[in-house]
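Visitor: Please see the structure below; I have some questions.
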Amino acid sequence: MGAVIAAVLVATGDDSDDKKEPVESSKDTTPEPTPSLSVPSQIPTELPTGLPSDVPSLPTGIPSLPTDFPSDLNSLVPSSPAGDQVPYYLLKTGDCFNVDSSKPGQAAKRSCNGPHDAEVVEFAELKGTYTTDQALKKAAAALCEGPLQRKARNQPSGTVRGTLVQYPDATGYKVGIDNVACSLAGDSGPGKRKLTKPLS
């Protein structure tokens, strides 16, 4: 198709009687090519029927793969390490546990309906850059302060006498352990006065 170009003059406010007509440019009359479709007149009627004879055969004697893989990764990791000790960051909010000062960072899970040192109130997550254990301790204590105070206010008088904040050391933090366990305790040290039921 040819292109048509038209020019239109706009009135400029001249009140003269000279009327000017729009000027039209010439049209290009060269025809545009049109595509043509063609369909083959014959469709092949013979299709190959045999496979090539030089296809190699599969080797024999290959050992088969084991079929007894576990269906989930949790079955590859024991639910708790030796005994009932777990790293503190594997505890959950509401878990009750005992602590052993000779095993820092570990917690021995216990029933909340029996004697236990502490109960996890909340988990917090450290964010930021910390290069020393002291900086991590300060940041972890700040994260736990509010939640522990709120929970302690709701306990019967004399029930809770201490707090326990568990956090990673600088090496653990560098490898990605950033959880802080905020817990209320029956006393300010392990093995002293115990909690005997779940916190309210």
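Visitor: Two decimals, Cα atoms only, Kirkwood Rh: what is Rg/Rh over the stretch 79-200? Intermediate results must be reported in sequence, preceding the final value.
Guide: Numbers: Rg = 13.9 Å, Rh = 14.5 Å.
Ratio value, two decimals: 0.96.
Visitor: Take the solvent-accessible surface of the protein heavy atoms, probe 1.4 Å, and return the percent of it on the stretch 118-168 that carbon and sulfur atoms account for. It would help to have the intermediate numbers written out before the result.
Guide: On the way: 1450 of 3040 Å².
Solvent-exposed carbon and sulfur of the stretch 118-168 make up 48 percent of the total.
Visitor: Then there is this: In vacuum, with every alpha carbon of the stretch 105-144 counted as one equal point scatterer, what does the Debye formula give for log10 I(q)/I(0) at q = 0.15, 0.30, 0.33 Å⁻¹? Two decimals, please.
Guide: Reported log10 I(q)/I(0), two decimals: -0.52, -1.07, -1.17.
Visitor: Write down the accessible area per residue of the stretch 116-166 in Å², having rolled a 1.4 Å probe over the full set of protein chains. It would help to have the intermediate numbers written out before the result.
Guide: Working: 2980 Å² over 51 residues.
That works out to 58 Å² per residue.
Visitor: To the nearest 20 Debye, how big is the dipole of the stretch 118-200 about its Cα centre, given +1 on the beta carbon of each Lys and Arg and -1 on that of each Asp and Glu?
Guide: The calculation lands at about 360 debye.
Visitor: Among the listed pairs K138/K174; K127/K174; K109/K192; K92/K197; K103/K151, which are separated by more than 20 Å between their Cα atoms?
Guide: On the way: K138/K174 17 Å; K127/K174 12 Å; K109/K192 17 Å; K92/K197 17 Å; K103/K151 27 Å.
As for pairs spanning more than 20 Å Cα to Cα, those are K103/K151.
Visitor: Tell me, what is a quarter of the convex hull surface for the C-alpha atoms of the stretch 81-153, in nm² with one decimal?
Guide: Numbers: hull surface 23.9 nm².
So the Cα hull casts an average projection of 6.0 nm².
Visitor: Given the C-alpha atoms of the stretch 156-200, compute the convex hull and give its volume per residue in Å³. Don't skip to the answer; put the middle values down first.
Guide: On the way: hull volume 4.0 nm³, N = 45.
Spelled out: Cα convex hull of the stretch 156-200, divided by residues, is 88 Å³.
The values are calculated or read from the model by the stated rules, or taken from the named source; none is laboratory data. Note that the coordinates shown come from a computational prediction; the quantities given were computed from them, not determined experimentally. Note that each Cβ is placed from the backbone with ideal geometry, even for glycine, and that neighbours are counted across all protein chains shown. When the accessible area is computed, the model is the full protein with side chains, heavy atoms only, and any ligands, DNA or RNA have been set aside. Shrake-Rupley method; radii C 1.70, N 1.55, O 1.52, S 1.80 Å.
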